[in-house]
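Student: Okay, here's the structure, questions in a sec.
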Amino acid sequence: MPSQDITATDAPAQVSYAEYLTRKTQAGADHGFEPLFMPDMAFDFQKSLIEWSVRKGRGAVFADCGLGKTLMELSWAENVRLKTGGNVLIGTCLAVAEQMVQEAEKFGIEARRSSDGVALPGITITNYERLHLFNPQDFAGMVCDESSILKNFKGTRKGEITSFMRKRPYRLLATATAAPNDFIELGTSSEALGYLGYMDMLNKFFKNDLNNSASGRMRGEVIKWRLKGHAELPFWRWVCSWARACRKPSDLGFEDGRFNLPPLIERQHVVSARTSPDGMLFSLPAHGLQEQRDERRRTIQERCEMAAAIANGTTEPVIIWCHLNDEGDLLEKLIPDAVQVKGSDTDERKEDRLLGFPQGRYRVLITKPKIGAWGLNYQHCNRVIYFPSHSFEQYYQSLRRCWRFGQLRQVEVDIITSEGEADILSNLQRKTSQAEEMFANLIAEMNNAMGVTRREETGVLTVPSWLKGV
């Protein structure tokens with residue numbers, strides 16, 4: 001049956017039925033208001049996302065690194081402040097709070113940092129480590145920057161943030177990329193916004209290996225959740241009812257223009273271990289996490305020497321991402337002008353080095369993705385050295401500290417592994433494909449929803465085929 005344009009007055013029954021079906025999808029309703037503030041310096045696609053998030057009131061913006069989430073978050077917070085006359089809290093990762101205060105000043109938005117639990121008038125920015133000091137009742141709204149922190153559905157931080165946001169009338173989540181096919185992360189995001197809880201989401205749209213509502217682990221095995229065959233499209237439409245996603249402006253129907261990034265050059269280096277695994281004459285690919293951990297520790301010297309040779313062979317800024325303390329300590333010894341940021345450092349020391357790197361006070365920065373891969377802007381650097389793990393999200397976020405809007409040179413990434421780490425690289429490639437598929441689905445359904453909205457605004461509604469049962 002061909003699609004056709006109808007007006008609400010031509011066929012009220014059909015529109016009424018569409019509204020009925022929309023309610024049955026449990027799509028998130030609008031809880032916001034018409035924007036009261038819009039920054040002049042915002043690009044057209046940024047204004048579109050700001051308008052949507054303010055009208056939504058409780059929503060998520062999954063915009064890629066470098067697309068201006070900081071400006072969107074601050075603009076959303078300023079709108080809530082103007083509408084309610086109350087305070088807004090923005091939670092960030094370590095060292096990002098100070099950077100965001102500087103960005104706010106540049107955008108002409110007043111925002112101040114607080115670390116002692118005092119709600120400052122207007123917009124307050126704090127690190128998540130300090131969130132427990134604040135009283136939720138002091139705020140009309142909250143922004144959760146780098147909201148992928150909610151991924152761990154059993155984590156203390158996830159519970160703390162969700163509880164803090166639960167009774168705030170206005171809520172915004174912002175992150176560059178949800179983990180590939182990690183549907184629980186979407187569920188925990190929905191729960192923080194006040195829509196379906198993650199277990200409700202799983203039971204509604206998914207089935208698991210045991211065909212029951214169990215979650216987590218049972219008998220030591222991870223339970224895998226898969227979309228029900230008939231639920232794939234309804235699931236993505238439900239996500240798009242409370243989230244918007246884009247990796248480039250053209251995903252929203254705008255010109256990419258200056259957001260076309262320079263080339264990304266990825267080089268793989270495979271080092272040969274000087275020793276063989278216990279009981280082996282030569283190295284074989286490590287299977288299982290324990291073998292892979294043993295392989296990583298057995299080849300620390302070889303991999304760090306390769307990384308140091310690359311970093312010492314240039315006078316340009318370099319950032320090195322590792323995962324073990326022993327790796328960071330050895331790299332710091334092998335590279336004379338390098339500084340390391342480690343977990344045992346004080347918050348003040350971490351901030352000094354993480355912020356001192358883009359300021360030019362340190363040429364080479366060594367740290368772990370879990371410490372510095374979120375929210376920081378390192379466009380001054382185009383040389384990255386990476387020791388890979390199984391985490392696609394960590395790899396992607398690490399690269400995007402440098403490969404983002406404002407980067408004028410091609411970014412060169414040297415990935416260093418040993419002969420026994422072949423399975424780790426293969427797993428990263430698989431997760432990359434999954435992430436691309438996930439975002440393709442999300443953006444396709446988002447564009448479908450946005451297309452219907454635009455036609456509704458003109459008084460003409462195009463009924464999509466799925467709504468007519470075709």
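Since every read-out is calculated from the coordinates, none of them should be taken as a lab result. The structure presented is a predicted model; accordingly, all values stated were derived computationally and were not measured. Don't worry about glycine lacking a Cβ; one is built from the backbone with ideal geometry, like all the others, and counts go over all protein chains shown.
Student: Dipole of the stretch 261-427 (Lys/Arg Cβ +1, Asp/Glu Cβ -1, origin at the Cα centre): which of Phe357, Val318, Leu330 lies farthest to the positive side?
Tutor: Farthest towards the positive pole: Phe357.
Student: Related question: Output the pairs from Lys228/Lys431; Lys370/Lys431; Lys158/Lys228 with a Cα-Cα distance over 23 Å in this structure; if there are none, say none.
Tutor: Pairs exceeding 23 Å: Lys158/Lys228.
Student: Mind giving me the nanometre distance, one decimal, between the label points for Leu120 and Gln301, set 7 Å out from Cα along Cα→Cβ?
Tutor: 5.1
Student: Starting from the alpha-carbon convex hull of the stretch 378-446, give the projected area averaged over all orientations, in nm². Before the final figure, lay out the partial values.
Tutor: Numbers: hull surface 21.7 nm².
Mean shadow area of the hull around the Cα atoms is 5.4 nm².
Student: Using the count of nearby Cβ atoms within 10 Å as a rough guide to exposure, how do Ser147, Ser426 rank from fewest to most?
Tutor: Ser426, Ser147
Student: Would you mind ranking Lys248, Lys106 so that the residue whose beta carbon has the fewest other beta carbons within 10 Å leads the list? Mind showing how you got there, number by number?
Tutor: Details: Lys248 20, Lys106 11.
Fewest-to-most Cβ neighbours within 10 Å comes out as Lys106, Lys248.
Student: Pull up all non-local amide H partners of Val271: gap of 5 or more, or a different chain, and H-to-H distance under 5 Å with H placed in the peptide plane.
Tutor: Correct list: Thr417, Ser418, Glu419.
Student: Further, regarding this structure: Once you charge only the Cβ atoms, +1 for Lys and Arg and -1 for Asp and Glu, what is the size of the charge dipole of the stretch 261-427 about its Cα centre, to the nearest 20 debye? Working shown, then result.
Tutor: Values: 21 positive and 24 negative charges, 103 e Å.
So the dipole magnitude of the stretch 261-427 works out to roughly 500 debye.
Student: At what distance in nm do the modelled label points of Asn447 and Lys333 sit from each other, each positioned 7 Å from its Cα along Cα→Cβ?
Tutor: Placing both labels 7 Å along Cα→Cβ, they lie 5.4 nm apart.
Student: Equivalent ellipsoid semi-axes for the stretch 261-427, as square roots of 5 times the alpha carbon gyration tensor eigenvalues: give them largest first, rounded to whole Å.
Tutor: 27, 17, 15
Student: Decide, for the stretch 234-277, between rounded, prolate and oblate: order the square roots of the alpha carbon gyration tensor eigenvalues as a ≥ b ≥ c, take rounded if a/c falls under 1.5, and otherwise choose prolate if a/b is larger than b/c, else oblate.
Tutor: In terms of gyration-tensor shape, oblate.
Student: Using amide H atoms built 1.01 Å from N in the peptide plane, name the residues 5+ places from Arg171, or on other chains, whose amide H lies under 5 Å from its own.
Tutor: Residues meeting the criterion, in which the H sits 1.01 Å from N, are Arg58, Gly59, Met142.
Student: Through the Karplus equation 6.51 cos²θ - 1.76 cosθ + 1.60, θ set to phi - 60°, convert the phi angles of the stretch 76-93 into ³J(HN,Hα) values in whole Hz; use x for Gly and Pro.
Tutor: 4, 4, 5, 5, 5, 4, 5, 6, 9, x, x, 9, 10, 10, 10, x, 9, 7
Student: Still on this structure: Is the shape of the stretch 305-398 best called rounded, prolate or oblate, per the rule: a/c under 1.5 gives rounded, else a/b larger than b/c gives prolate, else oblate, with a ≥ b ≥ c the square roots of the Cα gyration tensor eigenvalues?
Tutor: In terms of gyration-tensor shape, rounded.
Student: Which ordering of Ile385, Ile366, Ile310 is given by a fewest-first count of other beta-carbon atoms within 10 Å?
Tutor: Listing Ile385, Ile366, Ile310 from fewest to most nearby Cβ atoms yields Ile310, Ile385, Ile366.
Student: Which of rounded, prolate or oblate describes the stretch 45-127 when judged by the alpha-carbon gyration tensor and an a/c cut-off of 1.5?
Tutor: Working: a/c = 1.75, a/b = 1.24, b/c = 1.41.
It is oblate, given that a/c is not under 1.5 and a/b is not larger than b/c.
Student: Right, something else. What is the calculated FRET efficiency for Glu316 to Lys204, with r their C-beta to C-beta distance and R₀ = 51 Å, to the nearest 0.05?
Tutor: 0.50
Student: Along each of the three principal axes of the Cα atoms of the stretch 70-191, give the extent in whole Å, ordering the values from largest to smallest.
Tutor: The Cα atoms of the stretch 70-191 stretch 38, 27, 26 Å along their principal axes.
Student: Can you work out the FRET efficiency for the pair His269 and Glu98, with r the C-beta to C-beta distance and R0 = 41 Å, to the nearest 0.05? Could you put the intermediate results ahead of the total?
Tutor: Details: r = 35 Å, r/R0 = 0.85.
Calculated transfer efficiency: 0.70.
Student: Next question, about the same structure. When the Karplus curve 6.51 cos²θ - 1.76 cosθ + 1.60 is applied with θ = phi - 60°, which whole-Hz ³J(HN,Hα) does each residue of the stretch 35-43 get, with x for Gly and Pro?
Tutor: x, 9, 9, 9, x, 5, 7, 5, 6
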